[in-house]
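Worksheet: one structure, shown below.
Nothing in this text is a laboratory measurement; each read-out follows from the coordinates by a stated rule. Computed from a prediction, not measured in an experiment: that's the story for all the values here. Because the Cβ atoms are built from the backbone with ideal geometry, glycine has one as well, and the counts that use them run over all protein chains shown.
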Amino acid sequence: MKSVKKGFVVSAVGAVAAATVLTVTAGPAVAENGGKFQTFYSLTNGLCVAVVDSSVHGPGYPSSATFTVSTNMTGVGSCSLDVTLHWRNVDTGETGTRTQTAKGPGYWISDPKTTVFQPGFGTFVGHVTVNGLSLGSSGEVEFTVEPYQG
């Protein structure tokens, strides 16, 4: 009886380990409705270093998407960082940007009223840049915006 329980535990641990490896090696965030970009680090305007987290989601307000940003800036004196979403409509080739200006030092998160934007309809691919030297990159996230059907 003990060997059956022991074998079951070993199999369960192996399954969890395999699932973890698959999750970690899956690559960049790609989903129909958007998702989180990879975290990266940047110097700012002012004497700060920022940790930048951002996400984009297609099903925002009707016929819109949302671009959210949060930063944690460490440094001396006031600082700021422009965080820009660059999007491209995969169906039409149309491109555009949406910028949030983070302020520091300290923790900053975008105001929900400023996160909504209307890039049009279709499937989009986006990536994030900043106006300072950065370490790492955001990677790409895919999102979809569909017309409002009320």
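Observations on the model:
- The range 112-150 - residue that is over 23 Å from F40 (Cα atoms) and among the hydroxyl-bearing types (S, T, Y) and, of those, farthest from the chain's Cα centre (by Cα): Y148
- Residues in the range 51-67 that are among the polar types (S, T, N, Q), under 8 Å from the mean Cα position of the chain (by Cα) and surrounded by fewer than 23 Cβ atoms within 10 Å (Cβ to Cβ): S55 only.
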